[in-house]
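What follows is one structure encoded as structure tokens, with my remarks underneath.
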Amino acid sequence: MKKNDRHITNFELDIDNPPPLTPEQQAELEVLSARPESAIDYSEIPPIEDTSRYYRPIKKMTTIRLDADVLAWLRSFGSGYQTRINAILRREMLAAKEHPQA
């Protein structure tokens, strides 16, 4: 295929105002929603081993005060100290969720 033979179509979808469903699409959704959960065949879907590689949390800017020696230690590993702070806090958060204090 030559470069000039390609046809590119751009389409923008307004998530807040999607186009209406066609009668065929509506009928298909009604049939699918009437199916019991037990009738769905998941055999061809591979299990997801590590969901964290798909998880992209929203980042929020904040200001924190750290002890100077703690900040120096974090920076001593090179660039990315803010990412390290986040990883340390996430590890502690997940551990606290696994073993909540009464």
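The values are calculated or read from the model by the stated rules, or taken from the named source; none is laboratory data. Note that the structure is predicted; figures quoted are calculated from it, not measured. Cβ: placed from backbone, ideal geometry, glycine included. Neighbour counts: every protein chain shown. All accessible areas refer to the heavy atoms of the entire protein, side chains included, with ligands and DNA or RNA removed. Shrake-Rupley method; radii C 1.70, N 1.55, O 1.52, S 1.80 Å.
Go through region 53-75 and give me each residue that's surrounded by 10 or more Cβ atoms within 10 Å (Cβ to Cβ) and outside any loop (DSSP other than H, G, I, E, B).
Residues satisfying the conditions are VAL70, LEU71, ALA72, TRP73, LEU74, ARG75.
Listed by first and then second residue, the pairs with beta-carbon distance under 7 Å, at least 6 apart or on different chains, first residue in region 76-95 and farther than 16 Å from THR62 by Cβ and assigned to a loop (DSSP other than H, G, I, E, B), second open to solvent by 70 Å² or more (accessible area, probe 1.4 Å) and among the polar types (S, T, N, Q), form an empty list.
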